[in-house]
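Every number in this text was worked out from the coordinates using simple rules, so none of it is lab data. Treat the numbers as computed from the prediction; the structure is a model and nothing was measured. Here the Cβ positions follow ideal geometry from the backbone for every residue, glycine too, while neighbour counts run over all protein chains shown.
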């Protein structure tokens, strides 16, 4: 299957008319028919049923088109990235994190790094659920992670970055915002959002609070769901500081507990590039000098 066949099939799926598809693609109708026939021979099933009135997607064709649209988009992005890279850069460092705020100082780091290493591209990606697997497959060079979730891995280097504390997140109009630190007793009578991919130290805090206070709780799918309920005045949530985007939309108040979450960067043991280690050094330096709470 080539890119011309992909464009032909997708255009025909939009128009369901050979003449119109040919006109839109600036091709002859026999060319459209030939490309479609060749593709159907290759994949082993009919994409369209032809008739005098045009073309109709078969059930298999309908499913195929859905996937093919994603393939076209990914191919387009791959080509654009390749074009950008080849024209300016000689090397790429790929870094993956679950959410933008996890590496709050990444923009400043990229800016500083670019001045010192203009031929190296830094490519961030955000993947809450599949970043770990992407790193293990070698698709990422650096992974933001929680230390106790990656300490068992072999053939990796773990670079400590910062300790993230536990905070209560509530609306800025909540009376709890007047407190400098939140205790378990402060949560009595409240509804607490729990779950949502909580890290082990946070789960321990949540379970202890529920056990000791008997307050109501609500299971959350993810952090965004929790914040939505906080914004709706339905609940409060305990959250690690690395999820704080410092946008001042919510109040983040330190919670009285001994637990912290060790946030680290993970690299492949066989990747000893100076450019990669230099990026980590710059990022760590920003956190070491930071006056923000995480």
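Summary of computed values
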{"item": "Estimated distance in nm for a label pair at residue 4 and residue 158, the labels positioned 7 Å out from Cα along Cα-to-Cβ", "result": "5.4 nm"}
{"item": "Label-reachable residues, segment 1-20, where backbone N falls under 17 Å from a point 7 Å from residue 66's Cα toward its Cβ", "result": "10, 13-14"}
{"item": "Contour excess over end-to-end distance, with Cα ends at residue 83 and residue 211 and 0.36 nm allotted per residue", "result": "40.4 nm"}
{"item": "Neighbour-count order for 1, 193, 97, fewest beta carbons within 10 angstrom listed first", "result": "1, 97, 193"}
{"item": "Degrees, to the nearest 10: 106-116 long Cα axis against longest axis of the chain", "result": "70 degrees"}
{"item": "Angle in degrees between helix 59-88 and the longest Cα principal axis of the chain, rounded to the nearest 10", "result": "70 degrees"}
{"item": "Nearest 10 degrees, 0 to 90: helix 29-43 Cα axis against the chain principal axis", "result": "60 degrees"}
{"item": "Taking 194, 71 and counting other C-beta atoms within 10 Å, the order from fewest to most", "result": "71, 194"}
{"item": "Inter-probe distance in nm under a simple model that places probes 7 Å from Cα toward Cβ, at residue 233 and residue 173", "result": "0.5 nm"}
{"item": "The chain: antiparallel DSSP beta bridges as a percent of all, rounded to 5", "result": "60 percent"}
{"item": "Fewest-first ranking of 70, 226, using other Cβ atoms within 10 Å as the exposure measure", "result": "70, 226"}
{"item": "Ellipticity estimate at 222 nm from DSSP helix runs (n ≥ 4, -39,500 (n - 2.57)) divided over the chain, nearest 500", "result": "-13500 deg cm²/dmol"}
{"item": "Cβ-Cβ FRET estimate between residue 291 and residue 75, R0 fixed at 30 Å, reported to 0.05", "result": "0.10"}
{"item": "Alpha-carbon centroids, segment 217-294 and segment 84-135: separation in whole Å", "result": "17 Å"}
